[in-house]
Amino acid sequence: MTFTEMTPRRQTQLLAFDRLLTIMDELREQCPWDRKQTLESLRHLTIEETYELSDAILENDLSEIRKELGDIQLHLVFYAKIASEAAASSPGRFDMADVLNGVCDKLISRHPHIYGDATGQKVVADTEEQVKANWEQLKLKEGNKSVLGGVPGSLPALVKAMRIQEKARGAGFDWDEKQQVWEKVEEEMQEFKAEFNVDTGESINTERAEGEFGDLLFSLVNYARFIDINPETALERTNKKFIKRFQYLEERARANGKALADMTLAEMDVYWNEAKTV
């Protein structure tokens with residue numbers, strides 16, 4: 001399909017992307033800050049932008065999501081621009097066209113139920129679970145030694161637990177019923193409690209208790225997955241709720257000339273309960 005044969009909206013999208021590429025070329029050549037950046041120097045900024053996008057998504061703020069997507073897209077273009085400047089003899093050198101064609105090729109090969117396999121035959125995948133299972137098998141054929149090999153080591157532990165379990169399920173290693181998973185949660189809770197006695201205040205083996213607590217968290221993440229709850233999202237929403245209520249508590253205390261350090265828990269609890277109704 002030629003550019004003129006495309007819909008007006010697709011033409012607008014491509015022109016906007018070309019505009020960003022052009023601006024990136026200009027900034028890399030003319031701006032001292034942009035010239036100085038490297039793949040490594042951009043890394044922590046990209047992570048920050050990703051978390052900002054995550055916040056906007058949780059707030060369901062479309063205007064902010066649009067802005068944060070723009071910031072991340074800028075970073076992606078920036079990385080490709082830096083890579084394209086490597087010496088011609090550098091192994092792995094690439095530009096944005098290589099990036100986009102690479103992901104297009106991967107999407108086509110990973111969706112044989114849409115585009116057909118290497119022989120042109122379509123693979124059956126009528127459900128989401130079948131698609132995931134096919135995806136993991138294709139990745140193994142591409143050279144991955146383990147279905148868990150694609151889980152980034154630097155992922156936050158809660159997110160990593162979810163991804164590990166999803167990938168294991170794609171390989172057929174999973175519980176059949178959510179009741180079985182809940183029984184595992186209760187089992188892990190009892191094992192965690194067995195490591196200490198709250199009533200007697202006896203000292204505990206911190207290393208063993210930590211291990212059992214990790215097992216308990218992992219099983220809770222597993223159960224959340226079975227009931228279609230994203231544990232990372234759930235915990236972050238609770239974090240935001242707590243922050244909002246605690247800040248209300250601080251404001252009400254200040255308004256009444258009080259400092260939290262001088263208040264009893266019962267006094268603070270009055271404001272805390274008020275916060276629940278705001």
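The values are calculated or read from the model by the stated rules, or taken from the named source; none is laboratory data. Keep in mind it's a predicted model, so treat the numbers as computed, not measured. Note: ideal-geometry Cβ built from the backbone for every residue, glycine included; neighbour counts use all protein chains shown. These accessible areas exclude ligands, DNA and RNA; they are computed on the full protein's heavy atoms, side chains included. Shrake-Rupley method; radii C 1.70, N 1.55, O 1.52, S 1.80 Å.
Quick notes
- Shown for the chain: the carbon plus sulfur share of the solvent-accessible area, taken with all protein chains present and a 1.4 angstrom probe, equals 55%.
- Over the chain, accessible surface divided per residue gives 70 Å², non-protein components excluded, 1.4 Å probe.
- Compared with the dominant principal axis of the Cα atoms in the chain, helix 96-109 is inclined by about 70°.
- With K and R counted +1 and D and E -1, the other residues having a Cβ less than 14 Å from that of Ile229 yield a net charge of -1.
- Here Lys132 is the anchor, and the lysines within straight C-alpha reach of less than 22 Å, apart from those fewer than 8 places off in the same chain, are Lys106, Lys122, Lys141, Lys145, Lys160, Lys167, Lys178.
- Projecting the alpha carbon convex hull of region 94-138 along each direction and taking the average yields 3.6 nm².
- Given charges at Cβ of Lys, Arg, Asp, Glu: region 105-220 dipole, positive-most of Ala118, Ile164, Ser203: Ala118
- Count Lys and Arg as plus one, Asp and Glu as minus one, and take only other residues whose Cβ is under 12 Å from that of Asp95; the net charge is then -1.
- Computed from Cα positions, the angle between helix 8-30 and the longest principal axis of the chain comes to roughly 90 degrees.
- On the principal axes of its alpha-carbon atoms, region 41-145 has extents of 46, 42, 24 Å, going from largest to smallest.
- Environment charge of Ala194, counting only residues whose C-beta is closer than 10 Å and scoring Lys/Arg +1, Asp/Glu -1: -1
- Relative packing of 82-90, 108-116, which averages over residues the other C-beta atoms within 10 Å, highest first: 108-116, 82-90
- Alpha carbon centroid spacing (whole Å) that separates region 199-241 from region 1-79: 36 Å
- Vicinal HN-Hα couplings computed from phi for region 68-79 (Karplus, 6.51 cos²θ - 1.76 cosθ + 1.60; Hz; Gly/Pro x): 5, 4, x, 4, 5, 4, 4, 4, 5, 5, 4, 4
- Grouping the Cα pair distances of the chain into 10 Å bins from zero gives a pair-distance distribution of 5, 15, 22, 27, 17, 10, 3, 0 percent in increasing distance order.
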